[in-house]
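A.B. asks: Sending over a structure as structure tokens; questions will come in a sec.
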Amino acid sequence: MRGWEEPRLIQDWPGRAGQFESKVPTVLTYEGSRLSSWGFECEYDYGSNEQPKRERKWFKLLLDKEVLQRAGSKFSSKEVEKWYVDFLTELYKHIKSTMKAQRSEAWAGKVQFLFSVPTTWNPATTNLYEKLIKDAGFGKERKSHKVSVSWTEAQAAAIYTAKNLEQQFKQGDVLLICDSGGGTTDIAVLKETGDGIARLDEVDKVFGVPAGSTRIDKEFLKYAEERLTRTRVKHPELDDALADIEEIAETMMKNEFQRYKCNYGEPISKVPKYGIQNTQLSRKFSDPACDIESGKLMVSKYTTLLNPNHIYTDARCSDTMAKFFDTQLKLIFQAIDRQLERLEQSKKGSIDVVSEGFVVEIAEY
């Protein structure tokens, strides 16, 4: 789309009035077969007694039929495709209303919708994704509106990084991009082949591993549900308060845990534990054996910066928060190591490793 020198993010989303968010969660809520909310709105959609809510999330990778089968999911491919179309339809409607309100002349002109795909997807899944995008309305309203599904997520991250850090790379440099998202981490290797103008050519196969921040959330959910179940068994008088443990753990994960997760590793706090409020328990209730203190679920952490060269997988480790991260970090480090070994064998040149905007020169061959 012409008219803007730099991309502008849509930061005003349904369910976040007056707040600025750079992205919207891929979540849907249904009442029966009817879609009742999407994105941030799902946080406040409790359904009704007649039609309890059914929430659908973490379904991105299930579009790949092989992944769906390996996961042993109870859902069918058609159901996953419906979720995709429902979410993309709401996304398109919001983009359309925002653009018509803010840049109506641009919306009336040439618009190209660019979509990237997970590195692990095969061509058949990518083609299906493009069909679902168009079924949701993208590229259909005007002849001047087009849809393009061409890059993997790792390639898109590499291009963005090279553009914003252009002065740091010279012709012949090889970039290894580690793009960690919600459910996947993609590893891409590209070589700077331009002379004065940034140009990236793919050097090796792009790898993807099932590691990301939403999987850290799942680790916390397992921890919270286990501790709350232990509490309910040990204290039968709390049966009513802890009647829906899954819902309680989900609420804790969506709120306070997200803040602690994003700030974990900061050297500022000297507090040895995070206390995550459980609104179902009285502040007068404590049971250290269940990791409950003053009605809060306690999550231990180290008070000093972690050694970046060590993964805390030891079962005796007292840092519960580190354990949530460790499984994901181990998968990511292994993927990076495999890719670096391939590069070393091929002698492709100077290597820069890029992750979340930081560049560290680690080797030269």
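A.B. asks: Can you flag which of 96/134; 65/323; 23/163 are past 26 Å Cα-Cα?
C.D. replies: Pairs exceeding 26 Å: 65/323.
A.B. asks: Moving on to the next point. Cβ neighbours within 10 Å, averaged per peptide: list 64-71, 34-41, 235-242 in order, most packed at the top.
C.D. replies: Per-residue mean Cβ counts within 10 Å order the peptides as 34-41, 64-71, 235-242.
A.B. asks: Shape verdict for region 27-143, please, from the Cα gyration tensor: rounded (a/c under 1.5), prolate (a/b greater than b/c) or oblate. Walk me through the numbers before you get to the answer.
C.D. replies: Values: a/c = 2.59, a/b = 1.20, b/c = 2.16.
It is oblate, given that a/c is not under 1.5 and a/b is not larger than b/c.
A.B. asks: Estimate the FRET efficiency between residue 144 and residue 17 by the formula 1/(1 + (r/R0)^6), using the beta-carbon distance for r and 45 Å for R0, to the nearest 0.05.
C.D. replies: 0.90
A.B. asks: Still on this structure, I have one more. Would you kindly state how much longer the chain becomes between residue 239 and residue 262 on full extension, computed as 0.36 nm times their sequence separation minus their alpha carbon distance, in nm to one decimal? Intermediate values should be presented prior to the final figure.
C.D. replies: Values: separation 23, 0.36 × 23 = 8.28 nm, distance 3.24 nm.
Full extension from residue 239 to residue 262 adds 5.0 nm.
A.B. asks: Looking at the P(r) of region 61-125, how many percent of alpha-carbon pairs lie beyond 19 Å?
C.D. replies: Result for the distance tail: 50 percent.
A.B. asks: For residue 37, list long-range residues whose amide hydrogen, built 1.01 Å from N in the peptide plane, is under 5 Å from its own amide hydrogen.
C.D. replies: Residues meeting the criterion, in which the H sits 1.01 Å from N, are 29.
A.B. asks: Next question, about the same structure. To the nearest 0.05, what FRET efficiency results for residue 331 and residue 108 with a Förster distance of 30 Å applied to their C-beta separation?
C.D. replies: On the way: r = 46 Å, r/R0 = 1.53.
Once the sixth-power term is evaluated, E becomes 0.05.
A.B. asks: Show me 174-182, 102-110 ranked by packing, highest mean number of other Cβ atoms within 10 Å first.
C.D. replies: In decreasing order of mean packing, 174-182, 102-110 become 174-182, 102-110.
A.B. asks: If you don't mind, another one. Once the Cβ-Cβ distance between residue 10 and residue 221 is put in as r, and R0 is 30 Å, what FRET efficiency do you end up with, to the nearest 0.05?
C.D. replies: Efficiency computed from Cβ-Cβ geometry: 0.55.
A.B. asks: Find out how many positive minus negative residues lie around residue 102, taking Lys and Arg as positive, Asp and Glu as negative, among other residues whose Cβ is under 14 Å from that of residue 102.
C.D. replies: After counting each charged neighbour, the total is +2.
A.B. asks: With a/c under 1.5 counting as rounded, go ahead and sort region 13-70 into rounded, prolate or oblate using the C-alpha gyration tensor (a ≥ b ≥ c being the square roots of the eigenvalues; past the cut-off, prolate if a/b is larger than b/c, else oblate).
C.D. replies: Cα axes put region 13-70 in the oblate bin.
Every number in this text was worked out from the coordinates using simple rules, so none of it is lab data. Please read all numbers here as calculations on a predicted model, not as lab measurements. Note that each Cβ is placed from the backbone with ideal geometry, even for glycine, and that neighbours are counted across all protein chains shown.
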